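Here is the structure we will look at, set down as structure tokens.
Each value in this text was obtained by applying a stated rule to the coordinates, not by laboratory testing. What you see is a predicted model; the values in this text were computed from it and never measured. For neighbour counting, all protein chains shown are included, and Cβ atoms are generated from backbone atoms with ideal geometry for every residue, glycine included.
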Amino acid sequence: MPNITTNLWFDTQAEEAAQYYCRIFPNSKINNISHYPDGTPRAGSVLTVDFELDGTRFTALNGGPEFRFTEAVSFLIDCQDQAEVDHYWDALTADGGEESQCGWLKDRFGVSWQVVPRQLPELLSNPDQALVGRVTQAMFQMAKIDVAELERAAAQ
């Protein structure tokens with residue numbers, strides 16, 4: 001299978017966004033920055049930034065204001081525990097990010113993320129449908145997912 005790279009369209013913030021994400025995620029780096037060529041309206045400014053977030057490849061493009069991010073596409077962060085949930089939630093909502101519900105947020109660039117502890121899909125796949133219902137109802141009351149609260153709901 002060929003490699004698939006996610007391409008993120010920004011107005012002018014591609015390099016700023018790539019640097020921001022590389023600070024948040026471990027083992028991340030910027031691999032290449034290209035610039036608009038002479039003779040174009042944005043000559044000399046950043047065109048694309050190729051970067052990796054813990055081994056996953058991305059390209060950020062400064063394509064102009066024509067397109068915006070929506071919640072129709074989001075990135076799910078599979079967190080090991082509450083500490084990881086807190087880290088990513090706090091970092092991605094900082095400096096203008098927006099909390100939503102059920103573990104969803106938008107960062108300051110408008111990119112949607114789901115910050116999900118591994119316990120949530122485990123609890124939601126439990127064969128006990130009453131337990132699943134309690135966990136689901138607890139989750140519906142949350143912005144950032146609280147693992148202890150999910151476990152309390154499951155134990156009722």
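Odds and ends about this structure:
- FRET efficiency, residue 9 to residue 95 (Cβ-Cβ, R0 35 Å, nearest 0.05): 0.95
- Placing pseudo-labels 7 Å out from each Cα toward the beta carbon at residue 140 and residue 122 gives an inter-label distance of 2.5 nm.
- Region 56-83 and region 121-156 have Cα centres lying 26 Å from one another.
- Here semi-axes √(5λ) of the Cα gyration tensor in Å was calculated from the structure, and among (i) 39, 20, 12; (ii) 36, 15, 13; (iii) 21, 19, 15 it sits at label (ii).
- Crossing angle, helix 129-140 versus the chain [Cα axis fit, 0-90 degrees, rounded to tens]: 50 degrees
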